[in-house]
Amino acid sequence: MRSQIISTVLRTASRPTLAARSARTPFALRAASGHAQESFESFSERYVEFFKNAEDLFEVQRGLNNCFAHDLVPSAAVVEAAVRAARRVNDYATAVRVFEGVKEKVENKSQYEAYVQELKPLREELGLVLKEELYST
């Protein structure tokens, strides 16, 4: 047991530290993520196509996580595609949560209300009732 501890300590002591390794690696190589900047339009097109082709709930939820992880509010077309995909895989709760995600991403309540109004025909078509609508009645 003691020899295992000593050998582990010796192995870790002989490795270069993170700071030493970072100093040898050029900053441009360390900071590069491999992704080019994407315009809002191409982002929207990419996610609309993704949700149109999503075949199961896991794929829809994975797409939503990835889409909402970006530092922007998805366009109404992306929200519509995501809601349709959630209903296509027969998950009502995820369809409603798409709107909750939008509510968290927007800067103020009036922006959220604009999304709700723009997508009202979609909500009526798919029979979606938002959480705030349930509590107002």
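Note on region 50-87: residues that are in a helix (DSSP H, G or I), open to solvent by 80 Å² or more (accessible area, probe 1.4 Å) and touching a residue at least 12 places away in the same chain (Cβ under 8 Å) amount to 2. Considering region 88-99, and only residues there that are over 17 Å from P121 (Cβ atoms) and in a helix (DSSP H, G or I), the residue that is least open to solvent (accessible area, probe 1.4 Å) turns out to be T94. Please work out if K131 is within 21 Å of S42 (Cα to Cα), of a type in the set (D, E, K, R) and in contact (Cβ under 8 Å) with a residue 12 or more places away in the chain. No. When the test is whether a residue is of a type in the set (S, T, N, Q), at pLDDT below 95 and closer than 30 Å to P121 by Cβ, S7 does not pass it. Taken together, A13, A28 contain a single residue that is part of a helix (DSSP H, G or I) and at pLDDT below 50, which is A28. Restricting region 76-128 to residues that are among the aromatic types (F, W, Y) and within 20 Å of Y47 (Cβ to Cβ) leaves a set whose member that is nearest to the chain's Cα centre (by Cα) is F99. Contact annotation: residue pairs with Cβ atoms under 6 Å, 6 or more positions apart or on different chains, pairing a residue in region 105-128 that is open to solvent by less than 60 Å² (accessible area, probe 1.4 Å) with a partner that is small (G, A, S), are L128/A95.
The values are calculated or read from the model by the stated rules, or taken from the named source; none is laboratory data. Predicted model, so just to flag it, every value in this text is computed and none were measured. Methodologically, a virtual Cβ is constructed for each residue, glycine included, from the backbone with ideal geometry; neighbour enumeration extends over all protein chains shown. Note: accessible area is taken over every heavy atom of the protein model, side chains too, but ligands, DNA and RNA are not part of it. Shrake-Rupley method; radii C 1.70, N 1.55, O 1.52, S 1.80 Å.
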